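Some notes on the structure that comes next.
None of the figures in this text is laboratory data; all of them are computed from the coordinates on show. Quantities reported herein were computed from a predicted structural model and do not represent experimental measurements. Here the Cβ is made from the backbone with ideal geometry for all residues, glycine too, and neighbour counts use every protein chain on show.
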Ligand SMILES: *Cc1c(COP(=O)(O)O)cnc(C)c1O
């Protein structure tokens, strides 16, 4: 019989975590499955589909179903114990000798892993400004480049890479395109629909949204041999997320659309107001028309331009650090995407070799009153 389920929107399906109801109790909140092992049938089969806790878990599957729906992922989604565990699984699915092109401006810990561990693994990695498609095209080594890894908007300068353009270049060379879409979230962008092969999120960030879970996810466009390799890496290396974390993530994701929409709206307001601030030299936010990636962002992001922005203060590094010390509503901490707004002097975290300017403060906009957020920053900046 054909399915008669109406075409409910992503927002409706996410709010109800796909509408799962516990068959025994009819509870609208599904139970957390904690078992590590499952009874085998008398004929030796595993008819439930579950064998052991390391490869798979029913609570994990429920959260993955929401993520696969959000990303329109043909191959489904895979949850990992962190964003880094998810990202590194993609690189580990490559073979020694393979060449990778990655964004120069990207999440610092992953860039550092690529420069050290990935090289020990036998990969060669070139970092280019992928917001410039000519630079990306020129970095491809025909026959050797197997993966293009981009982050957009990219940490912490919020440069924008054209996902469809990058997919065209990767595919013409026989390579795959993977996108770290953590700061866009599926609320703004669905890279698989723009031609990407794999999407990665630090679900630690806006997907969970409450700064109380470390998790990562990969969503795959096609269940091809490469994807199967990634599935096997998660299973064999034991990188699956725990069931409690998957439950918390699912709870957090129910409000993704409300949070991400409100956070992006506040970030836009802050970007506009900070652009006119006498102590701010530059605001980096793709929603501003003067941002170099604005037109591409307007094409590949919907519902706003994300919750992340950075400011460069007029009086240099020490003034930036003093501003972060003075604010009270903004919390001085790393990470991003939570309901609470966070401020961070980024260059001192990233260390030597970072493309991050020393006078830059990274702002993760939460859901507080935007007038309070502006006033707190204004007071911190003016005290200089
Ligand atoms: C946080 C983050 C990661 C890493 O995620 P973890 O869960 O901390 O391992 C990767 N990419 C981006 C853009 C991030 O913000």
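Convex hull over the Cα atoms of the range 257-382, averaged projected area in nm²?
About 7.4 nm², averaged over all directions.
Taking the chain as a Gaussian network, where each spring joins two C-alpha atoms under 10 Å apart, which residue of 280, 217, 51 fluctuates the most?
51
Considering every pair of different Cα atoms, what Kirkwood radius, in Å, is found for the chain?
21.6 Å
What does the highest-first list of 233-243, 360-370 look like by mean Cβ count within 10 Å?
Peptide ranking by packing, descending: 360-370, 233-243.
As I understand it, the value is the acute angle between the Cα axis of helix 58-71 and the longest principal axis of the Cα atoms of the chain; what does it come to in degrees, rounded to 10?
50 degrees
Please report how far the C-alpha centroid of the range 29-66 lies from that of the range 153-184, rounded to the nearest whole angstrom.
With the range 29-66 and the range 153-184 each reduced to a Cα centre, they are spaced 34 Å.
Quick one: helix 317-326 against the long Cα principal axis of the chain, what's the angle to the nearest 10°, folded into 0 to 90?
70 degrees
How would you order 209-216, 86-93, 351-358, 251-258 from highest to lowest mean count of nearby Cβ atoms within 10 Å?
86-93, 209-216, 251-258, 351-358
Connecting C-alpha atoms closer than 10 Å in a GNM of the chain, tell me which of 18, 250, 200 has the biggest fluctuation.
18
Place a point 7 Å from Cα of residue 132 in the direction of its Cβ. Which residues in the range 263-297 have their backbone N less than 16 Å from it?
Output list for this probe position: 292-293.
Ignoring everything except DSSP H segments at least 4 long, calculate the 222 nm mean residue ellipticity for the chain; use -39,500 (n - 2.57) per segment, divide by total residues, nearest 500.
Helix-only estimate at 222 nm: -11000 deg cm²/dmol.
Could you list the square roots of 5 times each eigenvalue of the Cα gyration tensor of the range 315-384, that is, the equivalent ellipsoid semi-axes, sorted largest first and rounded to whole Å?
20, 15, 8
Expressed as an acute angle from 0 to 90° and rounded to the nearest 10, what is the orientation of the C-alpha long axis of helix 163-172 relative to the principal long axis of the chain?
For helix 163-172, the angle is close to 60 degrees.
For the ranges 264-270, 323-329, what's the packing order if you count other beta-carbon atoms within 10 Å of each residue, average per peptide, and put the highest first?
Ranking the peptides 264-270, 323-329 by packing returns 264-270, 323-329.
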